[in-house]
Amino acid sequence: MNINASFNSIPVVDLARWQGDAEEKQEFARELCDICHHVGFFQVINHDIDNEFMDDLFAMIKQLFGLPKDQKLLIDKRQSRHFRGWEDVGSEYTNNTPDMREQVDLWSELSAREDGVNPTYLRLLGPNQWLPDSVLPEFKSTSLAWFEKAGGLATRLLEVLSVGLELRSDELTGLFGEESMSLVKLIHYPPTPENSAGVNAHHDTGFLTVLAPGPVAGLQVQNASGEWISVPSIPGAFVINLGEMLQAMTGQYFVATAHRVITSEERYSVGYFHGPTLDTKLSVLNLPDEMVEAVRNSPRHEKAGFMARKEETESGVGDMGSSYKPAVYGEQLWNYFVRSYPDVVKQHYPNEVSY
């Protein structure tokens, strides 16, 4: 497999190869790590999540976003100090620019801490907002089933990556703990207006993302040459990409690659963003010398940055050029919420963030 950073297509990975003997598994794991080093994106097939469930999930999503606004407002995100619920088109900001999509965010269902708990990121823990069954009967059960199925797939992929990185097969999954903080994002994109984006160019925050893109294309990935590569919609395949957390923990051997969505027609998708406990340290893993050397010899990897914090953007730092390295996942996640949801922050955390 010849993969390089100036890719013009997104690799397709057959997870059935992980069922082979030890030698075949090792070869597959090395190939997947090579993709994650150069591209940071791939599509996965033979993942064992059945089409019937996905059809039911997308049917529920279309029903959800087809509800009258007053019913969607029952789970308005602005009501939640934990940043969970429905938001209208233009409510989320990426790089200080509104995203032209409507969405519902559901995070791992966890016990809320007291209002003023420190570190501040612990205030992100809490319950989701669920529509009553009288409004949308399958909303909660189908969403939780996607949490479970996509989380299982993410765990398998982390095992493959651990082997490819010459770590114990449970090295990455062992970091997750009992209060892992993962996200399910249900998304509706209207046709993208001119000179805007359904979601603007960004990196994802956590370990890795499992995206069911739906039949309508629109996702674009930026290669090392700065070109935007369209990701085709392959029936039954999921798009997988790496987040800034894996970039940090692999000493930037893996890359969180910039991506965006621009669509000419109505589009639905659902993502699962795999994340560990909030106090998980962003310590660099002990990788083979040749991987460390590969980063040293690649300016793209050595200088790879994170999404800029709110105060960095205001001072002129590029959108994905932050040199700030948070110590733990929770700090990184708090930065994401502060830059993405100014209205929610103003309402619930006026003393923590200045505007």
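A short reminder: the numbers here are calculations on the coordinates, not readings from a lab. The shown structure was predicted, so the numbers you read here are calculated from the model rather than taken from an experiment. Every residue, glycine as well, gets a Cβ built from its backbone with ideal geometry; the counts of neighbours run over all protein chains shown.
Couple of notes before you dig in:
- Averaging the sequence gap over all C-alpha pairs within less than 8 Å and six or more residues apart, then dividing by the number of residues, gives region 12-348 a relative contact order of 21 percent.
- Virtual spin-label span in nm between ILE3 and ASP115, 7 Å along Cα→Cβ: 4.9 nm
- Straight Cα distances below 22 angstrom link LYS62 to the lysines LYS72, LYS77, LYS140, LYS149, LYS185, with same-chain residues fewer than 8 positions distant left out.
- GNM on the chain, alpha-carbon springs under 10 angstrom: the most fluctuating residue among GLY164, GLY177, GLY40 is GLY177.
- The convex hull of the Cα atoms of the chain, projected and averaged over all directions, covers 17.2 nm².
- Max mean-square fluctuation residue, GNM over the chain, Cα-Cα springs under 10 Å, options PRO299, PRO276, PRO132: PRO299
- Highest average first, the peptides 281-290, 134-143 ordered by how many other beta carbon atoms sit within 10 Å of their residues are 134-143, 281-290.
- Simple spin-label estimate for SER264 and ASP170 in nanometres, 7 Å along Cα-Cβ: 5.1 nm
- Between region 18-89 and region 217-251, the C-alpha centres lie 13 angstrom from each other.
- Its DSSP H runs of at least 4 residues, each contributing -39,500 (n - 2.57), put the calculated 222 nm mean residue ellipticity of the chain at -8500 deg cm²/dmol, to the nearest 500.
- Stretching ASP14 away from GLU148 to a fully extended chain increases their span by 46.2 nm, per 0.36 nm per residue minus the current alpha-carbon distance.
- For region 141-194, GluC sites (Glu not before Pro) are listed when DSSP marks them as loop and at most 12 other Cβ atoms sit within 10 Å of their Cβ; the list is GLU178, GLU194.
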